[in-house]
Structures are given as structure tokens and as C-alpha cells.
There are 4 protein chains.
Amino acid sequence: MKPVCLVIGAGAGIGGTVGKKFAAEGYHAVLCRRSDEEGLQKLVSDIKAAGGEASGFLMNAVDDNAIEERVAEVEKDIGPIEVVIYNLGAQIGNRSLAETPPKTFELGWRMGTFGLYRLARCLFPKMVERGSGTLLVTSATAAMRGNAGQHSHAAAMGGRRMLCQSLNAEFAPRGIHVAHILVDGSVDAPDTLGKLLGPEKFQELRETQGAQDGLLLPEKIAETYFHVARQHRSVWTHELDLRAWTDVPWFNSSAIGRSVTI
Amino acid sequence: MKPVCLVIGAGAGIGGTVGKKFAAEGYHAVLCRRSDEEGLQKLVSDIKAAGGEASGFLMNAVDDNAIEERVAEVEKDIGPIEVVIYNLGAQIGNRSLAETPPKTFELGWRMGTFGLYRLARCLFPKMVERGSGTLLVTSATAAMRGNAGQHSHAAAMGGRRMLCQSLNAEFAPRGIHVAHILVDGSVDAPDTLGKLLGPEKFQELRETQGAQDGLLLPEKIAETYFHVARQHRSVWTHELDLRAWTDVPWFNSSAIGRSVTI
Amino acid sequence: MKPVCLVIGAGAGIGGTVGKKFAAEGYHAVLCRRSDEEGLQKLVSDIKAAGGEASGFLMNAVDDNAIEERVAEVEKDIGPIEVVIYNLGAQIGNRSLAETPPKTFELGWRMGTFGLYRLARCLFPKMVERGSGTLLVTSATAAMRGNAGQHSHAAAMGGRRMLCQSLNAEFAPRGIHVAHILVDGSVDAPDTLGKLLGPEKFQELRETQGAQDGLLLPEKIAETYFHVARQHRSVWTHELDLRAWTDVPWFNSSAIGRSVTI
Amino acid sequence: MKPVCLVIGAGAGIGGTVGKKFAAEGYHAVLCRRSDEEGLQKLVSDIKAAGGEASGFLMNAVDDNAIEERVAEVEKDIGPIEVVIYNLGAQIGNRSLAETPPKTFELGWRMGTFGLYRLARCLFPKMVERGSGTLLVTSATAAMRGNAGQHSHAAAMGGRRMLCQSLNAEFAPRGIHVAHILVDGSVDAPDTLGKLLGPEKFQELRETQGAQDGLLLPEKIAETYFHVARQHRSVWTHELDLRAWTDVPWFNSSAIGRSVTI
């Protein structure tokens, strides 16, 4: 029986591609996403066509018990979850505080923070019992600093990062590797950036910035996810960043409004 | 008419004492807290006895519209809120993930993060219209790093810090001063630390650590709150820390389990 | 006898103005700067004209024993140094790595890091003996993150910040308050920014950005320095930032080169 | 002709082992260290015995022109340096400020910060001309926060981290990958930790903490170094941490002296 890699948030970008990578390396990839049954089945059949094992489930992670039930069923029907990827974003584009109603702010938290807590709460006891397990969390620039228009996103991602550190503190010494992977730039992902920008603007971006490797490529991201998941327990990475060579890191503020860079 | 200083979370520790300080400096202090009508009235009458102005309200900040209605009524009945102190904690002591049920985790967020969002959302438009205003947020070590037993608290406080940065980015250039004040140690506060420890252990702590100024004194904290609120807009502080001289800063990890300090 | 406030780097900007503030509050201000005897004497006579006490010394802080001898003489001739301000900058404008020769890089370190170490090494034993003392260090954005053109400055300031934390760890529990004050923006200072920009560009900046309180005003900065120096030892601030309301914080990167703010 | 991997600081721990890894993956490993000709030759012959290519040089990196001449000669005699590992430590154990004389403090900077600047200054222009190159910098906990006894080390490492960010800002868009690898714990390295502790204490540590994978294993560290060096330029990591599963991260302060974890 293959070990299981569960992906929460398996669109055509990071999530699905990481699932493919783990499947290619011998895992049974269990792909969960909120919508697009067709896209989901394509991911599953692509993996199978390449000789891998995969299952796909539509699931709204914010629904009561959705994560908890999925974890329980996967463990029962498919096998022990050795690696789990929490890849739910909470990016809604730039919105002023006035344009961010309470429901939106709360949904950001439910997807960005609370879902991760729920996942850890139902899965970690099983991993602790087995003495090992890996949780890879896709994170975003907004986890490192708030910014205008990012009230909901930054609050959700900042909470997520601190939660990752708390989970690490309690569970690393019990054998669970928690990694917070900061994706600090635009990903070449049709299901997220593509939808945020619209097809034309996204295509244009791909042909300019993307043509020079200026968009993070999901299949390259997947290689680092896989590397981190396989690190020996004497050398675990808890935090790392990923960005395109041409991109300005989150901590390098612009000189706009400044007379000199300070 | 005196300018108004609204305190959300006005217990006998930081909140109430900061309220007293602002009242002594010429503000009408509006004190809100969840419970203990008697304690609340004592704060109000103490301020009045000292020649100041104050009002007190019991309010559960997580109730629907509680913050929004209070802000609206204060603005209508008492006067424009010039300074607001968001002093709601979300510390529940150290609890493992297993001991942190979803309701607890969610309550942490409602008090630690969501309440601050709600406050800013209803009050900032008024401050923007007036061209000025100040929001001082009491923060905790858990905003800087997660730790074992701090799943709920760190997620709430980490989200809060990133929210403060987002609010600052949108609203500082519109005249609103947002400050995130990291209280990195134990406060000599009967209503919070006292209740967490119980009366005996708290008294003992006061007589040992406290006797050497090793507990943060609320009246001394209040001086810095007041200073920050009065900073000229050419020199606003967005983040600062406060700790007792004998306390180990959050970033100075112990040498436990290490052969050398590294 | 008045307590002494020693200022290392007392130009017409932060250093001299902080010296004036402490003199106005009852300290004997000892002002040290590398050059401009005339400017130095003007600061001293301004303080005296206002009824304060001051002394001035030309001193190149990077010279062997310059700091050590000055500290010894001040302690002997004027009185115990209660507060010391380390205000030496190491900003040389933006320079590529190719434009930053070893001598320049080394000078940055000598002014930015090594001088502070030397100051602490000769003065802290005296403060420890007296049971108290305060060191306020002016810091810059480059202490928080490197940036293009900032190789020398960032290395010097990054080392300085970590040194401040080390000094704090050893000496706070022995009664010495060390504060790292991040000046995150352009200061309205003729001796530093003025010289960097040249008189015309500086004047223009004052009339545009400065006219809206968009340049940090030294006399307003001085108020916070003084506040920090007077904090009760139960509530010491170790790190705080200062910036103009209209300025973008160091951690808020621009959206340049990004399709969305992330 | 094989691509060259130059290692500055190639002892029996991280440096030498990373050199071996790159040699095994097809690089010519050029190993430089200050002393122990015998140890150096053993590394070189081990690599050759395994079918790899290697050269070894004794070099005191702080000597004038030592790095510059070595780089020039390697480029001339062996081949273009594709990857360079800067692995010089500056750890001298815990020393109070009084026990840290100026020469020691300066040496820390020369090894920790200045040597890296010198390396980049002589090598990066060649890499820019070739359009690519990789610099991996071994870093330490002290780069993230100062601590008691770490005055020299923290100042050196803090400067180093900011320098890495500056180099990244100027050179990433020109094709050079700079990575700052935080080794946040004790490494199973006889040449560094072994010498710091002495043979008996080191052996004891290996048999206790080490027996449970609680010391970072150099050959496992080397896998991550190699992975980072091979990342596609659309997904470069600039910062990551490595620590043993049982080790407390630098940001998780102890609860010592605190009544509750905060």
C-alpha cells in the first residue's frame, strides 16, 4: 500500500501540481478542491495515465466537518496520511477596509487559519500515534506583513503563520514536520492568479514576466515541497521562501516617497 | 467638550489604568468591559473623584453589533472619539491542541482579531472624516511567535498584528495613527494574570518578581500609551515593545537542549 | 551636579536636537561630533543661552581610543554619564557593490557597529557599578533589511541591531536600558540628508514633503528619545520605530513588478 | 570540464560534507580551510576515491587578498565557479562583553561579514558576465537575534544576513542566486562543535542528543544545500532554516522567569 499525500486545495496551480509530484514519487495523491469536478477528474486521470495513484474529492473546506470527515475516510479507505499539503488561499485581491465586509473577513479566517487548525486537530493525533508525519503549508507574503488592501488576507495569513509555529512547537518533538512555505510572488496558476486577473491580463503576464521565468512555476515549486517533505528529521526546515529571480522580496520596500533608499 | 478616549477591555490592569491616565490628561474616558459592574463603577468613580470625566459600559465585544453600537452611541452622546484603546486579550493559558476545542479557537479570533477589524471598520471612517485619530492596540508576545500551548492565542495575535499593519498602510496617510504595543511579559494585573494564576500564586509573584519591578506596572505602561498617542504626525511609532528589565525578551530563546547558545 | 547626557554624533539633526532636549530637562549635554567647530559651538551656546548646561568636543569616533578617552574624561571632569546617545550614521547613499570599496565597507562597520561596541565596553562597567544607565541607539531602515545599494550600510546596521540585542541580554538585568530606535524615513536634518542631497534638492524636499510633516522633525524625535530614557524599569522599550505619517514602512514593499499586492 | 563548487571553510562538518556532495553530483569541489593540511587532504582524497574531482587549499580567509587570489586562481586554473559556499563561522562560545576584546570583536566581523563582502566583490562580476551563479551562506541563530555572550558573533552574523539581502537585491535580477541558510542548532561537526566542547563532552552529546537525531547531520544538511543550488530561477529560496526535530527554534523563548508562556 502506498503512503498517502493529501492535498487540501488542489487546483491547477500549486496544489494539483504538488499532488502530481508526490504521485510520481510513489504516493497515493488524494486531491480535494471546492469546485470544478471536471478539472479535478483531469488531475486524477493525468496522474493515473502516468502510472500513479490518485483520488479526487470535491469539498468545501469551510463546511462543518468537511475536513474532519475527509481525513477520517481517507485514513479508513485509502491509507495512513503521511504527508498533507494545506494549500487553501485566502487572497481576494486588494480591497479597502470599506470594501471588506465582515463575512469576507470571516471567510478569510475560515480558509486561511481555522481550516488549518481543524486539519491539524483531526490528523495530528494519528500522526503522533504513528510517530511521524509531514504538514506543508503554502503561505503568502501577507503572512509576513500587512499591506493596504490586505486586511482580510493578512489577518488570515498572519494567524496561519503563528499557528504553524505553535503546531511546530508542540508537535515537532513528537515526530511531525511542519513547514511554512512562503510563496512570495505571482504563481503561474490559472485557477488562482488567472481568475483574479481575467484570461487576457493573465495571458499577457505569462508572455511578458512569465516568459523570463518571472512567474513561479508550479512544477518547480513542487520539487521544493517534495524535498522538504523528505528532509531527515535531524535537519528539518520550518520556514523558507520561494520567489522568482526577478521579483522584489517582500522586505525590500520601494523607494517611492523617499528621497534616498534608507 | 473634552476629547474622548474609548477603552475596549477596561479591567483593573492596562485598560482601566490607561483610561485613568487619559482622563487625568483631559480626555473623557469611556470604559467598556465584559463583566464586573462593580469594578467598572469603581474605575469611573475613581476618575471622577480625581476631577476627571468618565463613563462606563458593560459590553461583550464579541456580541453582534456590540462594538458598532457602542461606538455610534459614544460619538452621538459623549463626543468624537479621538483615541481608542483596543485592549482585549485572548490569552487562555497554555493548552495543547487537544485541549483547544474549535469554540475556544474561534473565540480567540473573535476577541483577538475580528473585534479589532470591527472596531476599525465602524470608527475609522469617522476619524478619516475628521482628519485624525489614534488607535492603540495592546499586543502580546504571541503576536511575534507561536509557541507550544499557544495555538489559539498565537493565531489570534498574529492575525491582529498583520491587521494592524494593514490598517496602518491604508489609514496612516489619511491621518490615523495605529500603534501595536507589544507587552512582552507579565503585567501586574489582578483581572487577567491574577485570575489566570489564582490569588495565592499571584500574591506570591507580586512579592517576589514584582517587588523588584519584574512585573510590568499598568500605571507605567499608561505613560507610554499616552506618549505614543501624543506623538507628532512626523514621528509616529507603529510598533514598540515593553518589558520589565529582568525579563527575557521573546526572541532570546533559552539554552535548554543546546550545548552552546547559538 | 547635573546628570550627564553624552551624545556621540551631535550634528544639527537628531543628535544635536536630542542633546538640547536633555539639556532643557536638566541634564548636562556633552556633544561630540567629527567636524564643524562652528556648528558645534552654536549648539553649545544655544543650550547655554536657554539656561542649560553643555560642553562640546570635536572627535572622530573611529580614531583609536577616541571614544574611550572621551568617556573617561567626561566621567572625570563633568560627571557620571547617565544617558548616552549613539547617533553615528553609516549611510553613504546608494552604491552598487562595485562602487563600494573595502575601505568604505570597513568604515561603515567602524562607525555603525564597532564604535557602539567600544562605547558599551568602556561605559557599561561604570553604569553597572552605579546600578543604572541608558543607551539610546539611533537606527535605520537598513538594520531591518538589506536593499540594493546598501551593502555597507545594511551590514553595519544589521550588525548594530544584533549587538543592541546582545547588550540588552547581558545588561538589562544589571540595570542598563538599551533601546534601538528605528528611524524609518527621511529626517529634516541639514547635516546628513541635506549634505546627501545638496542644498537645492533638500530645500525642495522640505517645501514639498516636509511642508506636510512628511520629514521626521528632530525636535519631535527628541521627545520620544526623552520619553524612552525616562521609562520606569518595569516597562522598558527595547525596540520602536518612528516614521512620518505619509511614509511607507520598510516592510511594505511596493507593488512594482507584481500583478497584485501579495 | 566540470563546473566548480568552491567551499570557503571546508572543515569536517558542513563545509567539507557539502563539498563532497557537490563532487558526487558532478562538480569539481575546491576546498579551502585555514588549517589542518592532513584533514584537508583526507577530504580531497576521499572525494577522489569516490570517483569525484577535488582540490584543496589552506587559506586564512582574513588575510589580505587571500580570498581574492584564490578565486582568481581557481577561475584560471580549474574553471568557472558556478557555486560558492561561504561557510566561515564566527562562533567563539559565550563571552561576556568584558571577555570580548576589540581584536576578537573585529575578527568576528572579518570572518563573519567582511570575508563574504570580499568574496562577492571579486566573484560576482564574473558570475554576472556568465549570467548565472549561486552563493550559499551558512548562517547561525545569532543572525536572527542577539543574546547574552554573543556580542561578537551576533554583530557579525546580523551584518552578514543584511549583507545577503543586499547582495540578493542587486544580483538576483542579474542571475545570481543568494541563499541564507540558518543552521539553528548544534551540528554533529568535530571541527567546530567538537573543538568548542572538547572531545569528551562532544562524544557524550553524540551518544545522547545525537543518538536521537538531535544534532544536525552534515550529510543531511548537504542535501538541502544541493537542492537549493539546483532550484529553478523561477522559484529561488533566499532564506530557510534547518534544525533538528527535537530542538527549540530560536524564536521560542523559554518560560524561565515567566509565570505563563506569553
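Values quoted throughout were computed directly from the atomic coordinates according to the rules given, and no laboratory measurement underlies them. Only a predicted model underlies this, so the values are computations on that prediction, with no experimental measurement involved. Note that we place each Cβ from the backbone using ideal geometry, even for glycine, and neighbour counts take in every protein chain shown.
Assorted remarks:
- Values of log10 I(q)/I(0), in the order q = 0.10, 0.21, 0.22, 0.23 Å⁻¹, for region C:1-114 under a Debye, Cα-only, solvent-free model: -0.31, -1.09, -1.17, -1.25
- For chain D, the longest principal axis of the C-alpha atoms and the axis of helix D:37-49 are separated by about 60°.
- Kirkwood hydrodynamic radius of region C:52-105, from the reciprocal of the average inverse Cα-Cα distance over all distinct pairs: 14.1 Å.
- Rg/Rh for region A:78-119 stands at 1.15; both radii use Cα atoms, and Rh follows the Kirkwood definition.
- Among residues other than B:PHE226 with Cβ under 13 Å from its Cβ, the summed charge is 0 (Lys and Arg +1, Asp and Glu -1).
- Peptide B:101-114 - average C-beta neighbours from other chains (10 Å radius): 3
- Average Cα contact separation per residue, chain A, under 8 Å, 6 or more apart, as relative contact order %: 19
- Take each residue of peptide D:219-226, count the partner chain Cβ atoms within 10 Å of its Cβ, and average: the result is 4.
- Summing +1 for each Lys or Arg and -1 for each Asp or Glu among the other residues whose beta-carbon sits under 9 angstrom from that of B:ILE181 gives -2.
- Residue order, fewest to most surrounding Cβ atoms within 10 angstrom, among B:LYS42, C:LYS220, C:LYS20: B:LYS42, C:LYS220, C:LYS20
- Sorted on the mean count of surrounding Cβ atoms within 10 Å across their residues, most packed first, peptides B:146-153, B:70-77 read B:146-153, B:70-77.
- Between amide H atoms placed 1.01 Å from N, distances below 5 Å from C:ALA140 occur with C:VAL183, all of them 5 or more places distant or on a separate chain.
- If you plug the beta carbon distance of D:LEU58 and A:GLU38 into 1/(1 + (r/R0)^6) with R0 = 51 Å, you get a FRET efficiency near 0.20.
- Working from Cα pairs under 8 Å separated by at least six residues, relative contact order for region C:10-102 is 24 percent.
- In this structure the amide hydrogen of D:PHE57, modeled in the peptide plane, comes within under 5 Å of the amide hydrogens of D:LEU31, D:CYS32, D:ARG33, none closer than 5 places in sequence on its chain.
- What the phi angles of region C:22-35 give under the Karplus curve with 6.51, -1.76 and 1.60, with θ = phi - 60°, is a coupling list of 5, 4, 5, 9, x, 9, 8, 8, 10, 9, 10, 8, 6, 8 Hz, glycine and proline written as x.
- For region C:148-225, alpha-carbon Rg over 2.2 N^0.38 Å: 1.40
- The value obtained for region D:44-170, namely the Cα convex hull volume divided by the number of residues, is 125 Å³ per residue.
- A P(r) calculated from all alpha carbon pairs of chain C, with 5 Å bins opening at zero, reads 1, 6, 13, 17, 20, 18, 12, 7, 4, 1, 1, 0, 0 percent.
- Lys, Arg +1 and Asp, Glu -1 on Cβ, resulting dipole of chain A about Cα centre, debye, nearest 20: 560
- A cut-off of 5 Å between modelled amide H atoms, ignoring neighbours fewer than 5 places along the same chain, links A:HIS28 with A:VAL4, A:CYS5.
- Of the GluC sites (Glu not before Pro) found in region A:97-129, the ones in coil according to DSSP and having at most 15 other Cβ atoms within 10 Å of their Cβ are A:GLU99.
- Kirkwood hydrodynamic radius of region D:110-184, from inverse mean 1/r over distinct Cα pairs, in Å: 12.7
- Members of C:LYS42/C:LYS220; A:LYS103/B:LYS2; A:LYS20/A:LYS195 lying beyond 25 Å, as alpha-carbon distances in this model show: A:LYS103/B:LYS2
- Dipole of chain B, positive end: most advanced residue of B:ILE14, B:LEU167, B:ALA50 [Cβ charges, Cα centre]: B:LEU167
- Our note on the geometry: Cα centres of region D:166-189 and region D:221-254, 10 Å apart.
- Partner chain coverage, peptide A:167-178 - average Cβ within 10 angstrom: 5
- Computed over the alpha carbons of the protein assembly as shown, Rg followed by Dmax gives 28.4, 88 Å.
- Per-residue 3J(HN,Hα) values for region B:8-14, derived from phi via the Karplus relation 6.51 cos²θ - 1.76 cosθ + 1.60 with θ = phi - 60°, read 9, x, 9, x, 7, x, 4 Hz in sequence order (x marks Gly and Pro).
- Hydrodynamic radius (Kirkwood) for region D:113-262, which is based on Cα pairs only, to one decimal in Å: 17.2
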